[in-house]
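The block underneath contains the structure these notes are about, expressed in structure tokens.
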């Protein structure tokens, strides 16, 4: 199984380069557990979900906490048949198979949300979309995932092509992880895209 | 058929709000041909591809031309079974069926690239990914799409989960349009994600 993300961070300020470099230091504790490669468009993170989603959360929260309007954009992928199996990705989390029954898959994803979610103090607005690939049943999987999001404590409202979330970043990222892992075939190819925003002067509309 | 995009624009500067509002004025000529709705995370554009991609190009080029580091992030979707048929989306372009044969689909996509591409003077780095949904043949469609990108005059290099492009913005957006329209079932559900960047101080790495 290959699992990873292409992640971009956009601090909307003149000193964006300095803010991005400071935020990337938040990835240092993960460097022995994730493969990390950066170019001018995005940073590739490869590794198991239990490190991948906390690393993205820490990358986002570091600049957002300073009050600057910050957006993180991520494309997370698992099981792409075009990617090699990579030992760094191995994880018992990836051995689990989501339940085929939608109600059960939703209940299990809710159970897997950590009970002790830690508030970061960063209020986040987000929109996410799940793309289960290589299956003719993708709309059923997406429907079940939206059912989970509605009950996740982070749900805001539907939008065309995606679902809006609003919660502390300490809830948004764990909810994203369960949305990504809990629906579609466990060993199948699936992609989740996410845009997470803090400190927008437009606020919620 | 429903076709549209969720688009976000990130000018990396202190006066980002002013720059975004000025850029959104570049959409004015399209307002009778696209449905446009904005919130604090993204702008929804709904309408036929012959307006959708030029509108995204104009939205990106307006701030990028001023020299500010600008990133446009877009999720473009067609044929989602969860969306209603919308008369604003009707277009002869959407009646075409891509060839099932990969070589022929690539040749046809190359032929459909306008011969008179207009340079904008904005050099763009981009990464895009195509997700054909509701099919077990998605990897073949993605492979054909990458074959087209390699010959599109905008190809840079492969990355994990996406393909990097580099060209004048006046080539990047038409190439994106053909990558989106020329592969996968013509009336099927497909999503393309794109990140387009100009004026990065990191340059190409």
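The values are calculated or read from the model by the stated rules, or taken from the named source; none is laboratory data. Please read all numbers here as calculations on a predicted model, not as lab measurements. Here the Cβ positions follow ideal geometry from the backbone for every residue, glycine too, while neighbour counts run over all protein chains shown.
Tabulated data
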{"item": "Some residue of the range B:93-104 being surrounded by 15 or more Cβ atoms within 10 Å (Cβ to Cβ), in contact with a strand residue (DSSP E or B) (Cβ under 9 Å, 6 or more places away or on another chain) and within 13 Å of chain A (Cβ to nearest Cβ)", "result": "no"}
{"item": "Selection within the range A:139-148 - within 18 Å of residue B:191 (Cβ to Cβ) and surrounded by fewer than 24 Cβ atoms within 10 Å (Cβ to Cβ)", "result": "A:139, A:140, A:141, A:142, A:143, A:146"}
{"item": "Enumeration of residues in the range A:74-92 that are in a loop (DSSP other than H, G, I, E, B) and out of contact with any strand residue (DSSP E or B) (no Cβ under 7 Å at 6 or more places or on another chain)", "result": "A:80, A:81, A:82, A:83, A:84, A:85, A:90, A:91"}
{"item": "Residue that is farthest from residue B:69 (Cα to Cα) [pool: residues in the range A:1-14 that are more than 9 Å from every other protein chain (Cβ to nearest Cβ) and outside any loop (DSSP other than H, G, I, E, B)]", "result": "A:3"}
{"item": "Answer residue from the range A:119-135, given it is within 9 Å of residue A:168 (Cβ to Cβ) and touching a helix residue (DSSP H, G or I) at 6+ places or on another chain (Cβ under 8 Å) and is farthest from the other protein chains (Cβ to nearest Cβ) among those", "result": "A:119"}
{"item": "Test: residue A:171 is away from chain B (no Cβ under 13 Å), over 16 Å from the mean Cα position of the chain (by Cα) and at pLDDT 95 or above", "result": "no"}
{"item": "Residues (out of contact with any helix residue (DSSP H, G or I) (no Cβ under 8 Å at 6 or more places or on another chain) and farther than 29 Å from residue A:160 by Cβ) located in the range B:80-102", "result": "B:100, B:101"}
{"item": "Residue that is surrounded by the fewest Cβ atoms within 10 Å (Cβ to Cβ) [pool: residues in the range A:17-38 that are in contact (Cβ under 8 Å) with a residue 40 or more places away in the chain and closer than 15 Å to residue A:7 by Cα]", "result": "A:35"}
{"item": "Enumeration of residues in the range B:15-47 that are facing chain A (nearest Cβ under 9 Å), more than 16 Å from residue A:197 (Cα to Cα) and not in a strand (DSSP E or B)", "result": "B:15"}
{"item": "Number of the condition not met by residue B:59 [criteria: (1) touching a residue at least 12 places away in the same chain (Cβ under 8 Å); (2) touching a strand residue (DSSP E or B) at 6+ places or on another chain (Cβ under 9 Å); (3) not in a helix (DSSP H, G or I)]", "result": "(3)"}
{"item": "Residue check for residue A:68: closer than 30 Å to residue B:140 by Cα, at pLDDT 90 or above and touching a helix residue (DSSP H, G or I) at 6+ places or on another chain (Cβ under 8 Å)", "result": "no"}
{"item": "The range B:111-134, residues that are surrounded by 14 or more Cβ atoms within 10 Å (Cβ to Cβ) and farther than 23 Å from residue B:60 by Cβ", "result": "B:132, B:133, B:134"}
{"item": "Residues of the range A:70-83 classified as at the interface with chain B (Cβ under 10 Å from one of its Cβ atoms) and farther than 30 Å from residue A:198 by Cα, total", "result": "4"}
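To keep it simple, each residue is scored yes or no on (1) more than 27 Å from residue A:46 (Cβ to Cβ); (2) more than 11 Å from every other protein chain (Cβ to nearest Cβ); (3) surrounded by fewer than 17 Cβ atoms within 10 Å (Cβ to Cβ).
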residue	(1), (2), (3)
A:158	yes, no, yes
A:181	no, yes, no
A:193	no, no, no
A:199	yes, no, no
